[in-house]
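The values are calculated or read from the model by the stated rules, or taken from the named source; none is laboratory data. The structure displayed is predicted, hence computed values, not measured ones. Backbone-built Cβ (ideal geometry, glycine too); neighbour counts: all protein chains shown. Only protein heavy atoms, including side chains, enter the accessible area calculation; ligands, DNA and RNA are left aside. Shrake-Rupley method; radii C 1.70, N 1.55, O 1.52, S 1.80 Å.
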Number of protein chains: 2
Amino acid sequence: MAILGFLRDFPLHGYDLKNRVASLAGHVRPIADGTLYPTIKKLEDAQCLTRRTAPGSVAAPRHMLEITQTGTDQLRRWLRDPEPGFITDDNKWYVMLAFLHHLENPREQALMLARRREFLDQPAQLFFDADGAPIPPERLESPFRKGLMQIHRSTNLTEIDWLDRQIAELNQRAGYAVRQREGS
Amino acid sequence: MAILGFLRDFPLHGYDLKNRVASLAGHVRPIADGTLYPTIKKLEDAQCLTRRTAPGSVAAPRHMLEITQTGTDQLRRWLRDPEPGFITDDNKWYVMLAFLHHLENPREQALMLARRREFLDQPAQLFFDADGAPIPPERLESPFRKGLMQIHRSTNLTEIDWLDRQIAELNQRAGYAVRQREGS
DNA sequence: TTTTTAAACCTCGGAGTCGATATATCTTGC
DNA sequence: GCAAGATATATCGACTCCGAGGTTTAAAAA
């Protein structure tokens, strides 16, 4: 998803892609060569991208990768109907956010933000005692667990705040677009 | 690591462990049976835990798992010298935080928090233009990318604030412990 | 009485990822 | 003139993890 998402902006070669994906995913989590190049080949076989050999600007020749219409469709499908992990896993959700603008309908964009918002709304119960009863932060003995829950709560509120503002704006824009089409 | 960490608190059976790990890791990311049970067996083979069959309280018999001294040592080793991902990947870092209190030396605890703090200090450059130059948030066209960077920045500051306070407290406690031992 | 449901455990195959290794190209320093 | 290092691409085996399926046990529902 990140590969196709970046290629939507402009053509890139593998080495460049590697660095961009690394900077984005999980914030500087490197992606291995053994992962990247087979994936590129898979996307090429699926006709999601085309390859054009160009002289390397500094060294060995590059394979400039360009996204196709099939690839764009695939990307949109992934964005429109993501696996559950893309909503609940922070790292994956960040990837969603990074490319959500490629979903051009503001209503579809708002829908995704709403799904994330709904997920964040559930109260976090991270730790349980021997009987299975959830332990509230103030009854935790470990200061690290206490901090973990505090940070979790605080960062959730920050994101919820942004999500609400963004959803409102998107819905307004969607409503405006509808009114435009209806000529009212 | 999460398995041994939870078993440090009190003995548990696999099914219970599954739910606890799921609640913690990535906040309600379920862990598959096909991952859990082979891992338990691996830890048992490595003598990190022992198994004692007990009648199931509700249904089928349970295998109560208890951590051994070897397991405790292993857990401490993982906490003391974690793979890089445990500092840079939010999900994994949360697992670190959840069990860091099992590292009993406050100086070692502070050291880990300091490593995380150092990582968070690096300015996040998530997106780059065609020339490879980083794009600051205000020049991003996508509101989602802009929001991503804002949220990232804000949540980082929240965590840094907590880290600093916690590190100071731990160092004070460590210093106090030293003074106690030196009898001054 | 039988069926269903839930608790609890386990295995296997496939998919995905990584680390090591290899190769080609160009620039820079010695 | 040559070695070193960065750029750039690729493959292979090992490892991890998941999902699908299957088993046993007991309680609850039919």
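Are any residues in the stretch A:1-20 open to solvent by less than 20 Å² (accessible area, probe 1.4 Å) and at pLDDT below 90, and if so, which ones?
Scanning the stretch A:1-20 gives a single hit, A:Gly14.
Checking A:Lys41 against (1) in a helix (DSSP H, G or I); (2) within 12 Å of chain B (Cβ to nearest Cβ); (3) surrounded by fewer than 17 Cβ atoms within 10 Å (Cβ to Cβ); (4) near DNA strand D (Cβ under 8 Å from one of its atoms), which single condition isn't satisfied?
So the condition that A:Lys41 fails would be (2).
If you go through the stretch B:44-83, how many residues are out of contact with any Ser or Thr (no Cβ under 8 Å at 6 or more places or on another chain), within 15 Å of DNA strand D (Cβ to nearest atom) and not in a helix (DSSP H, G or I)?
So the answer is 10.
Consider only pairs whose beta carbons are under 7 Å apart and that are at least six residues apart or on different chains; among these, list those whose first residue lies in the stretch B:27-52 and is of a type in the set (Lys, Arg) and whose second residue is within 11 Å of DNA strand D (Cβ to nearest atom) and in a loop (DSSP other than H, G, I, E, B).
Once the first residue is of a type in the set (Lys, Arg) and sits in the stretch B:27-52, its partners that are within 11 Å of DNA strand D (Cβ to nearest atom) and in a loop (DSSP other than H, G, I, E, B) give B:Arg29/A:Asp89.
Could you list all residues from the stretch B:90-118 that are among the basic types (Lys, Arg) and open to solvent by less than 10 Å² (accessible area, probe 1.4 Å)?
Matches in the stretch B:90-118: B:Arg116 only.
Go through the stretch B:55-89 and count every residue that is in contact (Cβ under 8 Å) with a residue 40 or more places away in the chain, open to solvent by 20 Å² or more (accessible area, probe 1.4 Å) and within 12 Å of DNA strand C (Cβ to nearest atom).
Number satisfying all stated conditions: 3.
Looking at B:Glu169, B:Glu141, B:Glu118, can you tell me which residue is more than 9 Å from chain A (Cβ to nearest Cβ), of a type in the set (D, E, K, R) and out of contact with any Ser or Thr (no Cβ under 9 Å at 6 or more places or on another chain)?
Sole residue among the options that is more than 9 Å from chain A (Cβ to nearest Cβ), of a type in the set (D, E, K, R) and out of contact with any Ser or Thr (no Cβ under 9 Å at 6 or more places or on another chain): B:Glu118.
Please pick out the residue among A:Glu169, A:Glu159 that is at pLDDT 95 or above and more than 24 Å from B:Glu159 (Cα to Cα).
None of the others qualify; the one that does is A:Glu169.
Would you confirm, using the coordinates I've provided, whether A:Asn91 is under 21 Å from the mean Cα position of the chain (by Cα), assigned to a helix (DSSP H, G or I) and either among the aliphatic types (A, V, I, L, M) or farther than 30 Å from B:Ala32 by Cα (or both)?
no
With the requirement that a residue be of a type in the set (Gly, Ala, Ser), in contact with a helix residue (DSSP H, G or I) (Cβ under 6 Å, 6 or more places away or on another chain) and assigned by TED's automatic domain parsing to the domain that holds B:Asp9, what does the stretch B:49-91 give you?
Within the stretch B:49-91, B:Gly71 is the sole residue that qualifies.
Quickly run through the stretch B:119-168 and pick out the residues that are touching a residue at least 12 places away in the same chain (Cβ under 8 Å) and either exposed (fewer than 12 other Cβ atoms within 10 Å of the Cβ) or assigned to a loop (DSSP other than H, G, I, E, B) (or both).
B:Asp121, B:Ala124, B:Leu126, B:Phe127, B:Leu140
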